[in-house]
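Trainee: Quick one: the structure is below, questions incoming.
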Amino acid sequence: MGDTAPVSSPPRVLPRNDPRQYDELADEWWRPDGAFAMLHWLAEARAALVPPASRPGALLVDLGCGAGLLAPHLTGKGYRHVGVDLTRSALGQATAHGVTVVNGDAIAVPLADGCADVVAAGELLEHVPDWRRAVGEACRLLRPGGLLVLDTLNDTVVSRLVAVHIGERLPTVPRGIHDPRLFVDARELVAECARRGVSLRVRGVRPGLRGMLGWLVRRARGVGPSGRAPRIVPTWSTAVLYQGRGRRQG
Ligand SMILES: C[S@@+](CC[C@H](N)C(=O)[O-])C[C@H]1O[C@@H](n2cnc3c(N)ncnc32)[C@H](O)[C@@H]1O
């Protein structure tokens, strides 16, 4: 049998954090129980940090917007939602969810200084080889008094353990999507924002344990995403996942 068995090509293994992974996972973005499920929970928590727009026509720039998972959580807040991302296959889906998209790099955003009332950078910085440049762009885009909201993974041993070695074995995080060498030290991020005129405050967050366990059990049983999605809740430590929120000085 050995000589005649069909040769199946092994799945292509891309390097960690290779953006082509988002093309391969393009069908997963909007599946509530899919590989990007946790991004939905995080998007809801991020949107909760964004107040209603303070003026007509206010602009929210969503750096690394992916397929626009933030969009449904901004409904009714009064922003024009512009998303910037490298991945065209994701941007097509973002457009379908009402986001005005720009195919571009978060380290060189083709938008004007001070154009944004809010800049969101959800689960982006830990994917950018030079996160400081992306932060520089986020701060540059903010108008004086504008708001930066973000979430990312801390550059700690426990973060590498939880987000990569454990997380990527669970169905909530795609394998190989993170390169832990790019994780973002929370104190350095706060300092970088301060240098750029944004006073960022950070807090640790995590999925609520009961909701997450229930979700994993339902998923393992093939019940599907019935019931409420797990909530992202504050936690005492920023050592793994954390949110940041801060305003640009006026
Ligand atoms: C983990 S996903 C997060 C997507 C979205 N913010 C969300 O929370 O649903 C990371 C996204 O960042 C994008 N990305 C990675 N590096 C980027 C860069 N340098 N410039 C713009 N987008 C980038 C990827 O294409 C992907 O859509």
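The values are calculated or read from the model by the stated rules, or taken from the named source; none is laboratory data. As the structure is a prediction and not an experimental result, all values here were calculated from the model. In this analysis, Cβ positions are derived from the backbone assuming ideal geometry, glycine residues included, and neighbour counts consider all displayed protein chains.
Trainee: Can you find even one residue in region 221-236 that is assigned to a loop (DSSP other than H, G, I, E, B), polar (S, T, N, Q) and touching a helix residue (DSSP H, G or I) at 6+ places or on another chain (Cβ under 6 Å)?
Mentor: No: zero hits.
Trainee: State the number of residues belonging to region 193-208 that are without any contact (Cβ under 8 Å) to a residue 24 or more places away in the chain and in contact with a strand residue (DSSP E or B) (Cβ under 9 Å, 6 or more places away or on another chain).
Mentor: 1
Trainee: Also, I was wondering about something else. Which is in contact with a His (Cβ under 6 Å, 6 or more places away or on another chain), near the ligand (Cβ under 9 Å from one of its atoms) and either modelled with pLDDT under 95 or under 22 Å from GLY244 (Cβ atoms) (or both), of ALA71, ALA43?
Mentor: Of ALA71, ALA43, the one residue that is in contact with a His (Cβ under 6 Å, 6 or more places away or on another chain), near the ligand (Cβ under 9 Å from one of its atoms) and either modelled with pLDDT under 95 or under 22 Å from GLY244 (Cβ atoms) (or both) is ALA43.
Trainee: Can you tell me which residue is nearest to the ligand (Cβ to nearest atom) among those in region 96-122 that are more than 26 Å from ASP27 (Cα to Cα) and assigned to a strand (DSSP E or B)?
Mentor: Of everything passing the filter in region 96-122, ALA108 is nearest to the ligand (Cβ to nearest atom).
Trainee: Select, from ARG210, ARG195, the only residue that is of a type in the set (D, E, K, R) and at pLDDT below 95.
Mentor: The match here is ARG210.
Trainee: Testing PRO129 on (1) under 16 Å from the mean Cα position of the chain (by Cα); (2) surrounded by 15 or more Cβ atoms within 10 Å (Cβ to Cβ); (3) farther than 21 Å from HIS73 by Cβ; (4) within 14 Å of the ligand (Cβ to nearest atom), one condition comes back false. Which one is that?
Mentor: Single failed check for PRO129: (2).
Trainee: I would also like to ask the following. Taking ILE166, is it among the hydrophobic types (A, V, I, L, M, F, W, C), at negative phi, within 9 Å of the ligand (Cβ to nearest atom) and surrounded by fewer than 20 Cβ atoms within 10 Å (Cβ to Cβ)?
Mentor: In short, no.
Trainee: Return yes when ASP155 is within 13 Å of LEU189 (Cα to Cα), within 13 Å of the ligand (Cβ to nearest atom), at pLDDT 95 or above and among the acidic types (Asp, Glu) and no when it is not.
Mentor: No, not satisfied.
Trainee: To continue, here is another question. Just one of (1) more than 11 Å from the ligand (Cβ to nearest atom); (2) over 23 Å from ARG248 (Cα atoms) trips up LEU148, so point out which.
Mentor: Result: LEU148 fails condition (2) only.
Residue-by-condition table, conditions (1) assigned to a loop (DSSP other than H, G, I, E, B); (2) under 19 Å from GLU126 (Cα atoms); (3) not charged (D, E, K, R):
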site	(1), (2), (3)
GLN21	no, yes, yes
TRP30	yes, no, yes
GLY34	yes, no, yes
ALA45	no, yes, yes
PRO52	yes, no, yes
PRO56	yes, no, yes
GLY66	yes, yes, yes
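Trainee: Also, I was wondering about something else. Output the qualifying pairs, or none if there are none: Cβ atoms under 9 angstrom, residues six or more apart or on different chains, first residue in region 69-95 and part of a helix (DSSP H, G or I), second residue of a type in the set (Lys, Arg) and buried (at least 23 other Cβ atoms within 10 Å of the Cβ).
Mentor: HIS73/ARG46
Trainee: Does region 216-229 contain at least one residue that is on the phi < 0 side of the Ramachandran plot, within 18 Å of the chain's Cα centre (by Cα) and of a type outside the set (Ser, Thr, Tyr)?
Mentor: yes
Trainee: Note down all Cβ pairs under 6 Å where the first residue falls in region 25-41 and is closer than 17 Å to CYS65 by Cβ, the second is aromatic (Phe, Trp, Tyr) and modelled with pLDDT of 95 or more, and they're at least six residues apart or on different chains.
Mentor: Cβ pairs passing all conditions: PHE36/TRP29.
Trainee: Another one. Residues of region 33-48 being within 14 Å of the chain's Cα centre (by Cα) and either over 23 Å from LEU213 (Cβ atoms) or of a type in the set (D, E, K, R) (or both), which ones?
Mentor: GLU44, ARG46, ALA47
Trainee: Taking only pairs six or more apart or across chains, which ones have beta-carbon atoms under 6 Å, a first residue in region 147-175 that is free of Cβ contacts under 8 Å to residues at least 12 places away in the same chain, and a second residue that is in a loop (DSSP other than H, G, I, E, B)?
Mentor: Cβ pairs passing all conditions: GLY167/VAL173; GLU168/ARG175.
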